[in-house]
Amino acid sequence: MMKSDKRTVIFTSLLCLLPMVFSVVVYQSLPAQIAIHWNIEGVPDNYASRAVAAFGLPVLFLVIHLFTVLLLLNDPKREVGPQTLRLLGIWIIPGLSVVLIPVTLLIAMGTNIPIAMLVTLMVGVLLVVIGNYLPKSRQNYTVGIKLPWTLSSEDNWNKTHRFAGYLWVLGGLLMIVGSFLLHNDAANFSLIIGIVAVLAIFPAVYSFFLYHRRNGKI
């Protein structure tokens with residue numbers, strides 16, 4: 001691991017734990033039970049004690065972050081892989097920790113935050129950013145659309161990621177617009193599920209089609 005990677009990992013790991021500072025400040029104002037998950041109707045369906053929500057969630061984000069970093073920095077094709085997407089993969093969990101944990105605690109204290117709109121907006125922005133870099137990514141084992149057909153053919157990988165890139169940007173823009181136009185939690189979450197399903201299925205079908213066309217089966 002290079003020195004720059006070590007510094008990035010240390011900084012982003014500390015960033016995962018940064019919400020603990022906010023947790024300490026507001027801890028006495030938190031209710032005994034805090035909603036940490038909402039269903040498609042925007043109704044809380046899972047709760048945690050205030051200690052777990054305030055201090056356990058940042059640790060959970062840190063564990064997920066370190067596991068992600070372990071995969072990204074030990075990819076055999078890391079040097080030829082998409083460096084920008086790799087960096088995005090390193091920063092995404094810390095970014096979510098800094099935003100989502102304080103929002104969760106603020107909602108528990110009675111602050112009116114439209115969680116469905118916020119999540120839809122964040123996912124939309126993330127899709128636009130990732131979609132912008134997907135066409136520039138090269139074959140690797142940790143970042144991208146890793147299918148048997150994309151991993152077995154560089155041409156299939158490149159064409160699939162170019163197609164997916166445009167699709168993800170479009171899907172992200174639709175989510176961003178939808179987050180402001182839809183004022184119903186169920187509609188926001190349905191929009192996320194529908195668009196993510198399309199973004200996952202269509203590139204896979206396209207890659208499968210390219211594989212069979214290349215082998216003369218179509």
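The values are calculated or read from the model by the stated rules, or taken from the named source; none is laboratory data. Since this is a predicted model, take the numbers as computed values, not measurements. Heads up, the Cβs are rebuilt from the backbone with ideal geometry, glycines too, and the neighbour counts pull from every protein chain shown.
Does residue 190 count as closer than 20 Å to residue 40 by Cα and of a type in the set (Ser, Thr, Tyr)?
Here the answer is yes, as residue 190 does meet what is asked.
Only residues that are more than 18 Å from the chain's Cα centre (by Cα), modelled with pLDDT under 95 and either under 21 Å from residue 114 (Cβ atoms) or of a type in the set (S, T, N, Q) (or both): list them for region 183-217, please.
The answer is 183, 184, 185, 186, 187, 215.
Hey, could you check region 24-53 for residues that are among the small types (Gly, Ala, Ser) and farther than 16 Å from residue 96 by Cβ and say which is modelled with the lowest pLDDT?
42
Any idea which of 180, 163 is modelled with pLDDT under 95, of a type in the set (Phe, Trp, Tyr) and surrounded by fewer than 22 Cβ atoms within 10 Å (Cβ to Cβ)?
Result of the check over 180, 163: 180.
Does residue 105 satisfy the criteria of being modelled with pLDDT of 95 or more, closer than 30 Å to residue 23 by Cα and more than 18 Å from the chain's Cα centre (by Cα)?
yes
When the residues of region 1-54 are filtered to those that are among the small types (Gly, Ala, Ser), without any contact (Cβ under 8 Å) to a residue 40 or more places away in the chain and not in a helix (DSSP H, G or I), which remaining residue is surrounded by the most Cβ atoms within 10 Å (Cβ to Cβ)?
This residue is 48.
On the phi > 0 side of the Ramachandran plot and assigned by TED's automatic domain parsing to the domain that holds residue 212: does that describe residue 144?
Yes.
What is the number of the single condition among (1) outside any loop (DSSP other than H, G, I, E, B); (2) within 20 Å of residue 96 (Cβ to Cβ) that residue 143 does not meet?
The one condition residue 143 does not meet is (1).
Within region 146-163, restricting attention to residues that are touching a residue at least 60 places away in the same chain (Cβ under 8 Å) and outside any helix (DSSP H, G or I), which residue is farthest from residue 69 (Cα to Cα)?
Going through the qualifying residues, I end up with 153.
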